[in-house]
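Report on the following structure.
What follows is calculated from the coordinates using simple rules that are stated; it is not laboratory data. On a predicted model such as this, the values are computed, not experimentally measured, just so you know. Quick reminder, even Gly has a Cβ in these numbers, built from the backbone with ideal geometry, and neighbours come from all protein chains shown.
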Amino acid sequence: MLEIVPFTLGPAMTNAYLVADSTTKEAAVIDPAWDGDVILAEAQKHGWRIAHLWYTHAHFDHIGGAAAIADALNQTPLVALHPADQPLWRAQGGAPLFGFKIDPGPEPTIDLVNGQVLHLGEVAFQVRHTPGHTPGLCSFYVPTESVCFCGDLIFRDSVGRTDLPGGDWGTLLDSIHKQIFTLPDETRLLSGHGLETTVGEEKRSNPFLGGM
Ligand SMILES: [Zn+2]
Ligand SMILES: [Zn+2]
């Protein structure tokens, strides 16, 4: 069974998700936003072993805690990122643009691909390439748990900004309609910022997507 511990961390109040298979105790961090020590302490409390860092995208506020986590582990975690966000990762996730400086941590060595399946113990995560906020943004959908981690693609009553380098409004809308609104209505959306929502709720009420 999948366990999910959410955190809201860092200067942009970014959501990080510590996810673990309760059977094998293998854990991953989806967007180790900031304060890696806080995420680590929670994993230790449960006896979970963090083996993976999975990035929805490379913005600095989503990866700022990676170095602290990796440095504290005996084995370097496997870092997964879509290759289209590699240039952004190399540019510290755009941190200098916002007056920040971060240690981006270990280099991503797993290239995410649309349709790929990531395994955490018994739990399968489908990778959905959902660009628009950044060129490489990916969502991670777990059909058995009816949950989708969607980064800064879509938020409760809002959507990701497209005015940063690599952003594109038409592409963002296309990603939401093709990759998110095709999921069952009851699917929980766990976003990069703000409160959780569902696919059905956003279809009905997201003002940026034709709802009211
Ligand atoms: Zn972002
Ligand atoms: Zn963000």
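Points to keep in mind about this one:
- Projected label distance in nm at D71 and F208, using a 7 Å step from Cα toward the beta-carbon: 3.4
- One decimal place: the segment L195-E145 gains 16.2 nm when fully extended, by the rule 0.36 nm per residue minus the C-alpha distance.
- All lysines inside 30 Å of K25 as judged from Cα atoms, apart from same-chain residues fewer than 8 positions distant: K45
- Computed extension gain for K45 through L164, at 0.36 nm per residue and net of the alpha carbon distance, reaches 39.1 nm.
- Prolate/oblate/rounded label for segment 59-166 (Cα gyration tensor, a/c 1.5): oblate
- Taking the DSSP bridge list for the chain and keeping only pairs wholly inside it, about 65 percent are antiparallel.
- By the rule of a C-alpha distance below 30 Å, with chain neighbours fewer than 8 residues away ignored, the lysines paired with K178 are K203.
- A simple rule links phi to the HN-Hα coupling: the Karplus curve 6.51 cos²θ - 1.76 cosθ + 1.60 with θ = phi - 60°, which for segment 131-140 gives x, x, 6, 9, x, x, 4, 10, 9, 10 Hz, with x for Gly and Pro.
- Segment 84-96 - phi-based ³J(HN,Hα) in whole Hz, Karplus 6.51/-1.76/1.60, Gly and Pro as x: 5, 9, 4, x, 5, 4, 5, 8, 6, x, x, 3, x
- Backbone amide hydrogens, once placed in the peptide plane, bring F155 within less than 5 Å of G160, excluding anything fewer than 5 places away on its chain.
- Theoretical gain in end-to-end length, D37 to D111 [0.36 nm per residue, Cα-Cα removed]: 24.0 nm
- Dipole magnitude (debye, nearest 20) for segment 60-212, charges at Cβ of Lys, Arg, Asp, Glu: 180
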